[in-house]
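Working notes, structure below.
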Amino acid sequence: MRNEDNNINKTVMFEPQKEDSKSIKEILEAVYNLLEEKGYKPVNQIIGYILSDDPTYITSHGNARNIIRQIDRDDLLEELLEFYLKENKIK
């Protein structure tokens, strides 16, 4: 029996290589700047995106729409809330 046949009943774990992922801060900063470049009010647009999950609130200029979608909305909201609470010494 060949070695390959011995392994046929085993499950191989696949772990994709992580890309150089940017931090939430870096992503938000990039998207904010791109929205501002296009003349939008970045805070309003990002809030619209978070509340609706509609990526059309984010401009496609500079690939901002795809950039912000690298972050899970729940993670984004959690990060924003934790930052706010920490900055205001609530937490």
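The values are calculated or read from the model by the stated rules, or taken from the named source; none is laboratory data. Computed from a predicted structure; not experimentally measured. Cβ sites come from the backbone with ideal geometry, for glycine too, and all protein chains shown count toward neighbours. Remember, those area values only see protein heavy atoms, side chains included, never the ligands or the DNA or RNA. Shrake-Rupley method; radii C 1.70, N 1.55, O 1.52, S 1.80 Å.
Details
- Residues that are more than 13 Å from Glu79 (Cβ to Cβ) and either of a type outside the set (A, V, I, L, M, F, W, C) or not in a helix (DSSP H, G or I) (or both), drawn from segment 23-32: Tyr32
- Boolean, Tyr49 is closer than 18 Å to Ile67 by Cβ, open to solvent by less than 60 Å² (accessible area, probe 1.4 Å), at pLDDT 95 or above and among the aromatic types (Phe, Trp, Tyr): yes
- Pairs where the first residue, in segment 61-78, is more than 13 Å from Glu29 (Cα to Cα) and in contact (Cβ under 8 Å) with a residue 40 or more places away in the chain and the second is in a loop (DSSP other than H, G, I, E, B) and not small (Gly, Ala, Ser), C-beta under 8 Å, 6+ apart: Gln70/Lys22
- Verdict on Leu35 being assigned to a helix (DSSP H, G or I), modelled with pLDDT of 95 or more and open to solvent by less than 90 Å² (accessible area, probe 1.4 Å): yes
- Condition check for Asn44: assigned to a loop (DSSP other than H, G, I, E, B), among the polar types (S, T, N, Q) and either modelled with pLDDT of 95 or more or over 15 Å from the mean Cα position of the chain (by Cα) (or both): no
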